[in-house]
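Colleague: There's a structure below that I have some questions on.
The values are calculated or read from the model by the stated rules, or taken from the named source; none is laboratory data. From a predicted model like this one, the values you see are computed outputs, not experimental measurements. Reconstructed Cβ throughout: ideal geometry from the backbone, glycine too, with neighbour counts over all protein chains shown.
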Amino acid sequence: MVLEFWPDVAPKTVENFKKLAQQGFYDGTAFHRIVRGFMIQGGDPLTKDAKMESRWGTGDPGYKIAAEFSSRSHQRGVISMARSAHPDSAGSQFFLCLGDASFLDKKYTAFGKLIQGDDVLGKLGDVATTLSGGGEKSRPVERQAVHTVRIVDRSTVA
């Protein structure tokens with residue numbers, strides 16, 4: 001999948017994501033939460049360790065970043081920061097929308113969109129899931145690995 005960022009609407013979020021990616025933070029993580037028709041969520045460093053499965057969804061880089069809400073709508077392919085109840089609680093976890101999620105607009109920080117690989121997004125969104133620790137049917141039955149995240153110049157994307 002290839003995404004483009006929106007530094008004009010979420011500059012600090014884009015810089016944080018790029019910094020983490022350049023450090024290899026996301027390499028070896030997994031999409032630990034998949035809700036059919038809604039979104040796929042990743043970016044939790046705890047997903048690198050199967051023994052930490054009971055805590056998947058709670059990991060972060062050791063800090064939080066401030067929300068940057070905008071008028072960009074949460075539609076299929078939009079990448080946005082996952083967070084807890086507090087608006088300024090995002091760190092590294094993100095999600096990609098599988099469809100219209102405009103009810104999240106101005107409540108979550110949208111910071112880019114998918115420009116290649118919609119077929120991959122669709123396949124991830126259709127994987128079999130089971131109940132998570134919280135009782136939601138969102139835990140992938142089989143690990144959905146993120147092998148590597150790389151930051152490249154737009155001019156190098158075909």
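Colleague: Count, please, the residues in the stretch 97-124 that happen to be without any contact (Cβ under 8 Å) to a residue 60 or more places away in the chain, outside any helix (DSSP H, G or I) and of a type in the set (A, V, I, L, M, F, W, C).
Modeller: 1
Colleague: Sticking with this structure for a sec: Hey, could you check the stretch 1-37 for residues that are free of Cβ contacts under 8 Å to residues at least 60 places away in the same chain and of a type in the set (D, E, K, R) and say which is nearest to ASP88 (Cα to Cα)?
Modeller: Only one residue fits best here, namely LYS12.
Colleague: Condition first: over 21 Å from LEU104 (Cα atoms), out of contact with any Asp or Glu (no Cβ under 6 Å at 6 or more places or on another chain) and either surrounded by 18 or more Cβ atoms within 10 Å (Cβ to Cβ) or modelled with pLDDT under 95 (or both). Can you find one or more residues in the stretch 67-79 that meet it? Please lay out each step first, then the result.
Modeller: So the first thing to find is which residues in the stretch 67-79 are over 21 Å from LEU104 (Cα atoms), and the list is none.
No, because not a single residue in the stretch 67-79 is over 21 Å from LEU104 (Cα atoms), out of contact with any Asp or Glu (no Cβ under 6 Å at 6 or more places or on another chain) and either surrounded by 18 or more Cβ atoms within 10 Å (Cβ to Cβ) or modelled with pLDDT under 95 (or both).
Colleague: Being surrounded by 12 or more Cβ atoms within 10 Å (Cβ to Cβ) and farther than 17 Å from THR29 by Cα: is that true of LYS123 here? Show your work before the answer.
Modeller: Numbers: surrounded by 12 or more Cβ atoms within 10 Å (Cβ to Cβ): no; farther than 17 Å from THR29 by Cα: yes.
Judged against the criteria, LYS123 is not a match.
Colleague: Here's another thing I want to ask about it. List pairs: first residue in the stretch 142-158 and loosely packed, with under 10 Cβ neighbours inside 10 Å, second residue of a type in the set (Val, Ile, Thr) anywhere in the structure, Cβ distance under 8 angstrom, at least six positions apart or on different chains.
Modeller: GLU142/VAL127
Colleague: Only one of these is crowded, with 20+ Cβ neighbours inside 10 Å and touching a helix residue (DSSP H, G or I) at 6+ places or on another chain (Cβ under 6 Å): GLY42, GLY59, GLY28. Name it.
Modeller: On the way: GLY42 fails: touching a helix residue (DSSP H, G or I) at 6+ places or on another chain (Cβ under 6 Å); GLY28 fails: crowded, with 20+ Cβ neighbours inside 10 Å.
Going through GLY42, GLY59, GLY28 in turn, just one is crowded, with 20+ Cβ neighbours inside 10 Å and touching a helix residue (DSSP H, G or I) at 6+ places or on another chain (Cβ under 6 Å): GLY59.
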